[in-house]
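Report on the structure given below.
The values are calculated or read from the model by the stated rules, or taken from the named source; none is laboratory data. Because the structure is a prediction, the values reported are computed rather than measured. Every residue, glycine among them, receives a Cβ derived from its backbone with ideal geometry; neighbour counts consider all protein chains shown.
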Amino acid sequence: MNAMARILVTLLLLVGLTATPLFGQVDLSTYEQLLVLLPLTEPDRALAALETGLSQPGFPATQVKSLIELLIATPGPNESKNEILFLLVRTIESGYSVTDLLPAEQMLTEAMAEGLPIDGIVLEALKGIAQRRSAIVIEQGIDHRLSLLRGVRDLLFQKSLFSTPEGQSSSAAGALPESRFNALLTNVADTISDFLEGGGSPFDSTVLYAQVEDRLTKLSQGASPSIPASDVDLVLERIGPDDLKRVALEAVS
Amino acid sequence: MMKNHDLEDVLRDALRHEVAQELPQIGALEERVVEMLGDRSPRRGLIDHMRQMIAPTRGGRLGQMVVVGATAAAFLMVGLFLSDRGLPLADPSVGASGLATRSNQEVLFVVPAPEAVSVAVVGDFSNWEAVPLADDNSDGIWTASIPLSPGRYEYAFLIDGLWRGQDLLADEHVENYGQFTSVRYVSGGDGA
């Protein structure tokens, strides 16, 4: 399924990149026609940003069109698609080079196609823009966090923790509804990212484990309906400091 | 029992008075607030008592610098004190930082910035876009109340465009991109 999604995304990207020159220039109406196909919360703002982009020299109009087409065609939650396009909007509004950040947005779209919960990573990128970090730092941050997200997802799978579609029950102890699984995945990965970015060493795995435990416990105590205490107990029983160390080491290597 | 918004009023009033007097003396504010809370006198009396205690002495720039840190420390001390005593923060619907979180999930963001021209909060709740804080009384205390659903929120203040990520009212701090960011946990109230 994931491999199929990746192939589909790659094909769409290739078609988008090669077809546009054959069929003419990209203008605002091109974007307008595409944006109606996306579930955007602020379509007018997106269009205004794209209009600004088109007026700038070197704006990669064709690649942006391809990204929007990719978002339309890629299976994934509407919220995630909205977030990725919002990142593009903020990139333009904040005066960043769209060319520099477009690869990161494509990475996020591919991760969404894999079924990864990418919204938290988009927010980290938006934070980077708010902090006026360089495009390369933001892109590296996205890449790093996506690696961790995949690493933690694989770890949870290894520990027989997996997601099931919402509303579909399973008798397996490690089967969690998708929203709960994604909440655990996101928060474990995010805690490791914060730990490493804050200067923590993967070899301080006991400290790292304590931080994961602390965050999950706080969230389970009323701050997140998606993380019940039983899920926290389950994940803390099945993963240990050494597991986190391995994931963190893979992310920094 | 003193409620959160009463406590905010007391602190705001005291700080406003300090600022009006060119911030003369606030170093021991936390002790005075703690002392007052132990007194349990009615709210109006507390304010009067507070005003009486904070008598104007000498002003100056140094005092202004001191007050910013001392004010934040005062908020922190009161938060710690209340957490320890199980006073207003005992309400499970209140966030982990408690002091600035009301039961309706209206989360209060407060930052003392007497000389600032503009103050905003940015956070994941706003897609890291600036939400302006107001200082309607020109007392140097900037506030904004933002309704938030239960969750974990990262944020920072922008004071005249400069990032300030270490809010002392935060539940914790994280460091990303080489800068700190504050974190608050907002509870849903049922403890589930």
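Please state which one of A:PRO57, A:PRO39 is at pLDDT below 95 and either in a helix (DSSP H, G or I) or within 18 Å of A:ASN82 (Cα to Cα) (or both).
Details: A:PRO57 fails: either in a helix (DSSP H, G or I) or within 18 Å of A:ASN82 (Cα to Cα) (or both).
Matching residue, one of A:PRO57, A:PRO39: A:PRO39.
If I ask for residues that are more than 10 Å from every other protein chain (Cβ to nearest Cβ) and either modelled with pLDDT under 95 or not in a loop (DSSP other than H, G, I, E, B) (or both), which ones from segment A:116-139 would you list?
The first filter runs over segment A:116-139 and keeps only residues more than 10 Å from every other protein chain (Cβ to nearest Cβ), leaving A:116-118, A:121, A:135-136, A:139.
The answer is A:ILE121, A:ALA135, A:ILE136, A:GLU139.
Out of the residues in segment B:87-114 meeting the condition of being assigned to a loop (DSSP other than H, G, I, E, B) and away from every other protein chain (no Cβ under 14 Å), tell me which one is modelled with the lowest pLDDT. Spell out how you get there, then give the answer.
Just the residues of segment B:87-114 that are assigned to a loop (DSSP other than H, G, I, E, B), to begin with: B:87, B:91-100, B:102-105, B:113-114.
Narrowing the set further to residues that are away from every other protein chain (no Cβ under 14 Å) leaves B:87, B:99-100, B:102, B:104, B:113-114.
On the way: B:LEU87: 30, B:LEU99: 35, B:ALA100: 42, B:ARG102: 40, B:ASN104: 61, B:ALA113: 96, B:PRO114: 95.
This residue is B:LEU87.
With respect to B:VAL122, determine if the residue is of a type in the set (A, V, I, L, M), facing chain A (nearest Cβ under 8 Å), under 25 Å from A:VAL89 (Cα atoms) and touching a residue at least 24 places away in the same chain (Cβ under 8 Å). Show your work before the answer.
On the way: of a type in the set (A, V, I, L, M): yes; facing chain A (nearest Cβ under 8 Å): yes; under 25 Å from A:VAL89 (Cα atoms): yes; touching a residue at least 24 places away in the same chain (Cβ under 8 Å): yes.
Answer is yes for this residue.
Can B:SER138 be described as of a type outside the set (A, V, I, L, M, F, W, C), within 11 Å of chain A (Cβ to nearest Cβ) and surrounded by fewer than 17 Cβ atoms within 10 Å (Cβ to Cβ)?
Numbers: of a type outside the set (A, V, I, L, M, F, W, C): yes; within 11 Å of chain A (Cβ to nearest Cβ): no; surrounded by fewer than 17 Cβ atoms within 10 Å (Cβ to Cβ): yes.
The answer is no for B:SER138.
Of the residues A:GLY95, A:GLY141, which is under 25 Å from B:GLY165 (Cα atoms) and outside the structural domain of A:THR62 (by TED's automatic domain parsing)?
None of the others qualify; the one that does is A:GLY141.
Can you list residue pairs whose Cβ atoms sit under 7 Å apart, with the first residue in segment A:205-233 being in contact (Cβ under 8 Å) with a residue 12 or more places away in the chain and the second being surrounded by 20 or more Cβ atoms within 10 Å (Cβ to Cβ) and among the aromatic types (Phe, Trp, Tyr)? Count only pairs 6 or more apart in sequence or on different chains.
From segment A:205-233, the pairs are A:LEU208/A:PHE195; A:GLN211/A:PHE195.
Which of (1) crowded, with 19+ Cβ neighbours inside 10 Å; (2) closer than 29 Å to A:GLU178 by Cβ does A:GLN131 not meet, given it meets every other one?
Only one criterion is unmet by A:GLN131, namely (2).
Which of (1) surrounded by 15 or more Cβ atoms within 10 Å (Cβ to Cβ); (2) within 14 Å of chain B (Cβ to nearest Cβ); (3) over 18 Å from A:LEU123 (Cα atoms) is the odd one out, the single condition A:LEU156 does not satisfy?
Going through (1) surrounded by 15 or more Cβ atoms within 10 Å (Cβ to Cβ); (2) within 14 Å of chain B (Cβ to nearest Cβ); (3) over 18 Å from A:LEU123 (Cα atoms) one by one, A:LEU156 breaks only (2).
Scanning for something of a type outside the set (A, V, I, L, M), over 19 Å from the mean Cα position of the chain (by Cα) and more than 17 Å from A:LEU185 (Cβ to Cβ), does segment A:86-93 turn up at least one residue? Steps first, please.
Taking segment A:86-93 first, the residues of a type outside the set (A, V, I, L, M) are A:86, A:90-91, A:93.
Next, only the ones that are over 19 Å from the mean Cα position of the chain (by Cα) stay: A:93.
Still in the list and also more than 17 Å from A:LEU185 (Cβ to Cβ): A:93.
Looking for residues that are of a type outside the set (A, V, I, L, M), over 19 Å from the mean Cα position of the chain (by Cα) and more than 17 Å from A:LEU185 (Cβ to Cβ), one finds at least one in segment A:86-93, hence yes.
What is the one condition in (1) in contact with a Lys or Arg (Cβ under 7 Å, 6 or more places away or on another chain); (2) more than 26 Å from A:ASP119 (Cα to Cα) that B:LEU133 does not satisfy?
Of the numbered conditions (1) in contact with a Lys or Arg (Cβ under 7 Å, 6 or more places away or on another chain); (2) more than 26 Å from A:ASP119 (Cα to Cα), the odd one out for B:LEU133 is (1).
Restricting segment A:188-213 to residues that are of a type in the set (Asp, Glu) and in a helix (DSSP H, G or I), which is farthest from the other protein chains (Cβ to nearest Cβ)? Spell out the reasoning first.
At the first step, the residues of segment A:188-213 found to be of a type in the set (Asp, Glu) are A:190, A:194, A:197, A:204, A:213.
Still in the running and in a helix (DSSP H, G or I): A:190, A:194, A:197, A:213.
Values: A:ASP190: 9, A:ASP194: 4, A:GLU197: 5, A:GLU213: 14 Å.
Among those that are of a type in the set (Asp, Glu) and in a helix (DSSP H, G or I), it is A:GLU213.
Being in contact with a Gly (Cβ under 6 Å, 6 or more places away or on another chain) and more than 10 Å from every other protein chain (Cβ to nearest Cβ) narrows it down to one of A:LEU216, A:LEU161, A:LEU149, so name that one. Let's see the steps before the verdict.
On the way: A:LEU216 fails: in contact with a Gly (Cβ under 6 Å, 6 or more places away or on another chain); A:LEU149 fails: in contact with a Gly (Cβ under 6 Å, 6 or more places away or on another chain).
None of the others qualify; the one that does is A:LEU161.
Taking segment A:203-245 as the region of interest, how many residues are among the hydroxyl-bearing types (Ser, Thr, Tyr) and either surrounded by fewer than 18 Cβ atoms within 10 Å (Cβ to Cβ) or outside the structural domain of A:SER160 (by TED's automatic domain parsing) (or both)? Give the derivation first.
Filtering segment A:203-245 for residues among the hydroxyl-bearing types (Ser, Thr, Tyr) gives A:205-206, A:209, A:217, A:220, A:224, A:226, A:230.
Add one more test, that the residue is either surrounded by fewer than 18 Cβ atoms within 10 Å (Cβ to Cβ) or outside the structural domain of A:SER160 (by TED's automatic domain parsing) (or both), and what stays is A:206, A:217, A:230.
Counting residues in segment A:203-245 that are among the hydroxyl-bearing types (Ser, Thr, Tyr) and either surrounded by fewer than 18 Cβ atoms within 10 Å (Cβ to Cβ) or outside the structural domain of A:SER160 (by TED's automatic domain parsing) (or both) gives 3.
Yes/no matrix, rows are residues, columns are (1) surrounded by fewer than 16 Cβ atoms within 10 Å (Cβ to Cβ); (2) within 12 Å of chain A (Cβ to nearest Cβ); (3) acidic (Asp, Glu); (4) within 28 Å of A:THR41 (Cβ to Cβ):
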{"position": "B:ALA116", "(1), (2), (3), (4)": "no, no, no, no"}
{"position": "B:VAL131", "(1), (2), (3), (4)": "yes, yes, no, yes"}
{"position": "B:TRP163", "(1), (2), (3), (4)": "no, yes, no, yes"}
{"position": "B:GLN166", "(1), (2), (3), (4)": "yes, no, no, no"}
{"position": "B:ASP171", "(1), (2), (3), (4)": "no, yes, yes, no"}
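Any idea which of (1) more than 9 Å from every other protein chain (Cβ to nearest Cβ); (2) assigned to a helix (DSSP H, G or I); (3) surrounded by fewer than 20 Cβ atoms within 10 Å (Cβ to Cβ) is the one A:GLY167 doesn't satisfy?
Going through the list (1) more than 9 Å from every other protein chain (Cβ to nearest Cβ); (2) assigned to a helix (DSSP H, G or I); (3) surrounded by fewer than 20 Cβ atoms within 10 Å (Cβ to Cβ), A:GLY167 breaks only (2).
Counting just the residues of segment B:141-161 that are in a strand (DSSP E or B) and over 21 Å from A:LEU219 (Cα atoms), which one comes out farthest from the other protein chains (Cβ to nearest Cβ)?
Looking only at segment B:141-161, we keep the residues that are in a strand (DSSP E or B), and these are B:141-147, B:151-159.
Adding the requirement that they be over 21 Å from A:LEU219 (Cα atoms) leaves B:141-145, B:157-159.
Values: B:ILE141: 23, B:TRP142: 18, B:THR143: 21, B:ALA144: 16, B:SER145: 19, B:PHE157: 12, B:LEU158: 8, B:ILE159: 14 Å.
For segment B:141-161, the residue satisfying everything is B:ILE141.
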